[in-house]
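Quick notes on the structure that follows.
The values are calculated or read from the model by the stated rules, or taken from the named source; none is laboratory data. This structure is a prediction, so every number in the text was calculated from the model and none was measured. Cβ coordinates were reconstructed from backbone atoms using ideal geometry, including for glycine residues, and neighbour counts include every protein chain displayed. Keep in mind that these areas ignore ligands, DNA and RNA; they rest on the heavy atoms of the full protein, side chains included. Shrake-Rupley method; radii C 1.70, N 1.55, O 1.52, S 1.80 Å.
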Amino acid sequence: LIDEQARLIGHKDYSQVLRHQDVQKSLPSPEALQAGADEGFPLVRSYRSYTGENVVGSYVPIKGTAWAVIVEEPEWYAFASFDKLRTVFQLSTLGLILAVLGIGLFFGLSFSRRLEILKQGVRRIVKGESGVILPVKAQDEIGEVLVAINHLSQELERKKQMEAAMFQADKMVTVGLLAAGVAHEINNP
């Protein structure tokens, strides 16, 4: 509590009143006082107080007197809840980023493993291996491609079996023609 000459007349530590502590550093400028009076709110600002500590202070004149009340809190104390909130927000953001990265990494690795299975299966088919059946774990786009590759592989296996049967039949026809020719020659020398 200060009087009209800006002398300290009340403090929670009364020894400061007895020492006639100079509080001029805690007083706002006349322009700031006018701005606060125009708005009808107490003037709140950050400054270095008469104790030399950075504080958040509020200056409120008492109506009907020439006195005023100055309330000061150290900045570290005044902004402690804000600092805690900022820390919680930063940790939450970091946790969310790590969770999204983890989920993305999980699905990315899963996707690349399934693409690797697809690639290996196609390579086996290209090398001529028939009847290749690739494992289908999900009914998504890659699963549909794997089903199509499996169907293609089965069709290639059937085609290979049919070609082998046709080749065998062709050999039998050739052997039959050769036998008929030999029998004809033996019959008609």
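Some observations on this one:
- The slack in the chain from residue 84 to residue 19, taken as 0.36 nm per residue of separation less the alpha-carbon distance, amounts to 19.7 nm.
- Take every pair of alpha-carbon atoms less than 8 Å apart whose residues are at least six positions apart; their mean separation over the length of region 1-112 yields a relative contact order of 19 percent.
- Electrostatic bookkeeping for residue 79 treats Lys and Arg as +1 and Asp and Glu as -1; over the other residues with beta carbon under 11 Å from its beta carbon, the sum is -1.
- Nonlocal Lys pairs with alpha-carbon distance under 17 Å, the chain (8 or more apart, or different chains): 5
- The accessible-area ordering, largest first, of the residues 86, 7 stands as 7, 86, per a 1.4 angstrom probe.
- Sorting the segments 47-53, 101-107 by their residues' average number of neighbouring beta-carbon atoms within 10 angstrom, most packed first, yields 47-53, 101-107.
- Ordered by solvent-accessible area of protein heavy atoms (1.4 Å probe), largest first, the residues 55, 69 come out as 69, 55.
- Gain in span if fully extended, residue 133 to residue 118, counting 0.36 nm per residue against the direct Cα distance: 4.3 nm
- Global size of the chain: 46.6, 151 Å for Rg and Dmax (C-alpha atoms, Rg to one decimal, Dmax whole).
- In the chain, helical runs assigned H by DSSP with n ≥ 4 each contribute -39500 (n - 2.57); averaged across all residues and rounded to the nearest 500, the mean residue ellipticity at 222 nm is -21000 deg cm²/dmol.
- Heavy atoms of the protein chains alone define the surface here; on that basis the chain has 75 Å² accessible area per residue at 1.4 Å probe size.
- With contacts taken as Cα pairs under 8 Å and at least 6 residues apart, the chain reaches a relative contact order of 11 percent.
- Debye log10 I(q)/I(0) at q = 0.13 Å⁻¹ for region 67-146, Cα point scatterers: -0.65
- Accessible carbon and sulfur surface of the chain relative to its total accessible area, %, 1.4 Å: 65
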